[in-house]
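In what follows, a structure is listed as structure tokens, so that the remarks can point back to it.
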Amino acid sequence: MDVVRNEARPFTRAFITIGCVFAAALALAACSPEAEPPAAPEPTPGGCADAAPDESAAVASVDGHPVTAAELAAYADANAFPIGTEAEARTALDALIRFKAAQVEAFERGLTSAVEYGDLLRGLACGNGEREAAIAEGRAVYGVAEHDAETYLAYTESSVRDALLNALAAEGALGPTEDELADFYERSKDEYARGQDAIGLQVLRFETSAAGSAAADDVLARTAAGEPWAEVAADHAADAALLDAHPLAIDDANAYDLSKYQSSLFIAADALAVGETALVTDDLAGGLLVLHCERRDDGGFLPLDEVRPELVLRFQDEAFELHLDGLVADAGIETADAVLPLLG
């Protein structure tokens, strides 16, 4: 099944064109040791010659590729992982290992030219050097004058994930089949509701007192036992604790105001099936409200074919995460006995 990944869709992932100057390090080849350098290169401020090697300790390895302390620190900063304790550092490391497993597969597929953090730093220096040269020559440079390692690593992660996901999707490895899509639609159906169900309620309002609470409890107990609502409500019509009885309709016209100003009433009513009863507190006027659902007209859902493109992308997103689970499970992973001390 072919689905165009369109930028107008909320779950779109764009195919990314990568260069050494910017974006994520998918094309480190232009700056990598394997690329043919210009004759007699002259080191320039901020250029590739200024890239400091990553000499930090390895905190883990994935299929023989090191994960360094500097990389973990940058990754944690880029993704807002706290690393003040050993447990926190390991949580961040687990997430980085998951990305590294994706990076290794992308490398093996030829989607990226490097896996090690040192190569990423070299690509960053190349890009920053070119930006610096462009600024010095008066050429236009979009964005900031210089990117930091944390931002560049975040670009790298996003680009590698997108490239790998798109490659798998193009192969059909992420599905979905028609049956899988139909099942996924049923699981996601509530997110494609056309609008608010029309709900018809009968409401008994009791005062907030011992007598009111007892009367409300009596209504709930008797209706739960199967007594008709009309008979139970009539028995309480002359109850001194009863303030009023009235119908209430909920539909698209008033659902927003009810959800905003009488949230407990709206939440309870929205959860009721026909014939069910619930007790809530009136958020505005006070008192106890016994709600009885007399009718409910389903607002309906957008049909599968109308939401198919978005649904396919969402299905593939979930399938991709399962694919990454498998990569991590199958990878040769080693981690340091203690991570936090290596972070310095």
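Brief remarks on what is shown
- Cβ-to-Cβ counts within 10 Å put 256, 155, 142 in ascending order as 142, 256, 155, the fewest first.
- Label-point separation in nm, residue 237 to residue 224, each point 7 Å along Cα→Cβ: 2.7
- Inter-site label distance for residue 187 and residue 136 at 7 Å from Cα along Cβ, in nm: 5.5
- Over the range 204-344, relative contact order from alpha-carbon pairs under 8 Å, at least 6 apart, %: 23
- GluC sites (Glu not before Pro) restricted to DSSP loop in the range 158-207 with at most 14 other C-beta within 10 Å: none
- Using a Förster distance of 45 Å, the FRET efficiency for residue 325-residue 283 (Cβ separation, nearest 0.05): 0.55
- From least to most packed, judged by other beta carbons within 10 angstrom and beginning with the fewest, 292, 147 follow the order 147, 292.
- Percentage relative contact order, the range 185-258, counting C-alpha pairs under 8 Å, at least six apart: 50
- Formal net charge of residues neighbouring residue 139 (Cβ-Cβ distance under 14 Å; K, R +1; D, E -1): -2
- Residues in the range 110-133 reached by a label modelled at residue 151 [backbone nitrogen below 17 Å; 7 Å Cα→Cβ]: 121-133
- All C-alpha pair distances within the range 195-297, sorted into 10 Å bins from zero, spread as 16, 51, 29, 4 percent across the bins.
- Computed label-point distance, nm, for sites residue 276 and residue 173 using a 7 Å Cα→Cβ extension: 4.3
Coordinate-derived values only; no laboratory data. Treat the numbers as computed from the prediction; the structure is a model and nothing was measured. A quick note on method: Cβ atoms are made from the backbone with ideal geometry, for glycine too, and the neighbour counts reach across all protein chains shown.
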